[in-house]
Amino acid sequence: MNKTASGRIVRGVGGFYYVHLSDGDIYECRAKGIFRNKMIKPLVGDLVRIDILDEDEKKGNLIEIYPRKSELFRPASANVDQAVVLFAARNPDPNYILLDKFLITMNTMNLPVILCFNKIDLVSEEEIERLKSIYQDAAELYFISVDQKKGLDVLKEKLKGRTTVLAGPSGAGKSSFLNYFCAENAMQTGTVSEKIGRGRHTTRHAQLFYVDFSDETEATDRKEELTYLMDTPGFSSMMLKDISFKELRFYYPEFDAYEGTCRFQGCVHVSEPDCSVKSAVKQKMIVKERYDSYCYLYEELKQKKTY
């Protein structure tokens, strides 16, 4: 009888699934036909049981997929706990429309979101404060510099014992972020093109990277769980899906306090008179940049007639 072990799928390519075991070994596995017959596709992030066929060559068969606590469709993955949305504060300058699309997309998947602005060594304190004023009510917010190793230690407790999907546009520094936390993995770091100010796409498939915090001495209430970061492809553009223009307002937390206080029931805060949200924008209680982004995305969704 073959020896069995439990682990986690960290990558899936060409019908092979690479399973990370708690002892650090990674086994190349094929999925048994029973999954295909039941129309079950193994996903990156799945907790699984494998038959070990060859301990020296690290070969095995995937024989069981444990129940999933969550499932994402973009990227296709399972058992993700939270998202880190990573944007550069400079080089390239943040695209607020694209940034809001990332935040909304993660919220549609019911993922807690941590927003990180990278490359803060390239901007002034005034610019950091401006970015903070725009997004402090939209997401949990961190300002970091991977190159200068600034602000990264404060993220450790947020990552420990969790599986975190890392998302953001090309050039934001995702590969460098992964290199910092996953030094044992040989990551290809995409360089930013000087000509167009965007990064090359260095990731084509979602994959998990184990983060080894075993040498950390500080206490954590999640030390019994392994820590993973999930890399995703870099994006220069993004389309909102699965929501209508009438629902968009519910994805802007700044609007929540004003819901139901406008003159018209179901006010979408664009062209209606006596709108509490528009009044709050005029009174600078809601940041204009966020409201302008909302109006832009509202019109974009409305033109698609997404109901």
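Looking across the stretch 42-66, the residues that are in a loop (DSSP other than H, G, I, E, B) and farther than 23 Å from THR232 by Cα come down to GLU55, ASP56, GLU57, LYS58, TYR66.
Can you pull out the residues in the stretch 157-204 that are surrounded by fewer than 17 Cβ atoms within 10 Å (Cβ to Cβ), at pLDDT 50 or above and touching a helix residue (DSSP H, G or I) at 6+ places or on another chain (Cβ under 8 Å)? ASN185 - this is the single residue of the stretch 157-204 that is surrounded by fewer than 17 Cβ atoms within 10 Å (Cβ to Cβ), at pLDDT 50 or above and touching a helix residue (DSSP H, G or I) at 6+ places or on another chain (Cβ under 8 Å).
Which members of the stretch 42-54 meet the condition of being surrounded by fewer than 17 Cβ atoms within 10 Å (Cβ to Cβ) and touching a Lys or Arg at 6+ places or on another chain (Cβ under 9 Å)? Walk me through it before giving the result.
Of all residues in the stretch 42-54, those surrounded by fewer than 17 Cβ atoms within 10 Å (Cβ to Cβ) come to 49, 53-54.
Correct list: LEU53 only.
Contact map, the stretch 247-264: residues that are over 18 Å from ILE104 (Cα atoms) and among the basic types (Lys, Arg) paired with residues that are open to solvent by 80 Å² or more (accessible area, probe 1.4 Å) and modelled with pLDDT of 95 or more, Cβ distance under 7 Å, separation 6+ or inter-chain. Pairs shown: ARG263/ASP274. Within the stretch 17-41, being open to solvent by 30 Å² or more (accessible area, probe 1.4 Å), more than 11 Å from ASN61 (Cβ to Cβ) and in a strand (DSSP E or B) holds for TYR18, ILE26.
Test ILE63 against the stated conditions and say whether it is open to solvent by 20 Å² or more (accessible area, probe 1.4 Å), among the aliphatic types (A, V, I, L, M) and in contact with a Lys or Arg (Cβ under 8 Å, 6 or more places away or on another chain). Yes, satisfied. All told, LEU115 meets the bar of being modelled with pLDDT of 95 or more and within 20 Å of MET239 (Cα to Cα). Residues in the stretch 135-186 that are assigned to a helix (DSSP H, G or I), touching a residue at least 40 places away in the same chain (Cβ under 8 Å) and acidic (Asp, Glu): GLU157 alone. Of all residues in the stretch 100-130, those that are without any contact (Cβ under 8 Å) to a residue 24 or more places away in the chain and either in contact with a strand residue (DSSP E or B) (Cβ under 6 Å, 6 or more places away or on another chain) or within 18 Å of TYR291 (Cα to Cα) (or both) total 1.
Say whether the condition of being of a type in the set (Ser, Thr, Tyr), over 18 Å from the mean Cα position of the chain (by Cα) and surrounded by fewer than 19 Cβ atoms within 10 Å (Cβ to Cβ) is met by at least one residue in the stretch 245-263. Looking for residues that are of a type in the set (Ser, Thr, Tyr), over 18 Å from the mean Cα position of the chain (by Cα) and surrounded by fewer than 19 Cβ atoms within 10 Å (Cβ to Cβ), one finds at least one in the stretch 245-263, hence yes. Identify all residues within the stretch 83-124 that are in a strand (DSSP E or B) and not polar (S, T, N, Q); write none if there are none. Listed by number, the residues that qualify are ALA83, VAL84, VAL85, LEU86, PHE87, ALA88, VAL113, ILE114, LEU115, CYS116, PHE117.
The residues of the stretch 267-307 that are outside any helix (DSSP H, G or I) and free of Cβ contacts under 8 Å to residues at least 12 places away in the same chain, listed by number, are CYS267, SER271, GLU272, PRO273, GLN283, LYS284, MET285, LYS305.
The values are calculated or read from the model by the stated rules, or taken from the named source; none is laboratory data. On a predicted model such as this, the values are computed, not experimentally measured, just so you know. Virtual Cβ from ideal backbone geometry, glycine too; neighbours counted across all protein chains shown. Calculation scope for accessible area: heavy atoms of the full protein, side chains included, ligands and nucleic acids excluded. Shrake-Rupley method; radii C 1.70, N 1.55, O 1.52, S 1.80 Å.
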